1. When the residues of segment 3-26 are filtered to those that are within 21 Å of residue 69 (Cβ to Cβ) and not in a strand (DSSP E or B), which remaining residue is modelled with the highest pLDDT?
2. Please indicate, with yes or no, whether at least one residue in segment 92-104 is assigned to a loop (DSSP other than H, G, I, E, B), at pLDDT 90 or above and within 21 Å of residue 10 (Cα to Cα).
Amino acid sequence: MYEEGEHQCNVLFRIYKSGDLYSIPIQYVTWVEPLVGKTSEVLRSPDHMIGVYPIHGKNISIVDLGCLLGLERTSDSKSSSHSLLIIENTEIGFLVESILGVETLRLCQNSDPLSKPLIQNVYLCNDRDELVLGLDVPRLLSIC
């Protein structure tokens, strides 16, 4: 767990283009990949599981991060340019709509686990005028 005021390097993204700004600590992300083809559906899979997608000789399970977090799609969230955040030491990719880059963020506060159980931290970004919600990757993976 990080202390208030501490800085951490994160991958910033929006799950839906007009939605909140989210982050995952960079140490959890192996690489970012554009989703350019169709995924293969998996029968009887949970709602958040979109399907599998071949990347670099492996089939990666694609998880709709918005669905996993219980977010509703917005009217402008039907973008054709989705990206995958491939999570280290797993065969899971989180589907997001826009990757904003890697930035060093200052921890503003640890999130209250009862209010949003998958949000671990809230960050301030010096270059942006909004708060960044830091996701709890181990807890997300335990749901997947």
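The values are calculated or read from the model by the stated rules, or taken from the named source; none is laboratory data. Quick caveat, the model's predicted, so the values are computed rather than measured. Glycine also receives a Cβ, built like all others from the backbone with ideal geometry; neighbour counts cover every protein chain displayed.
1. 26
2. Yes.
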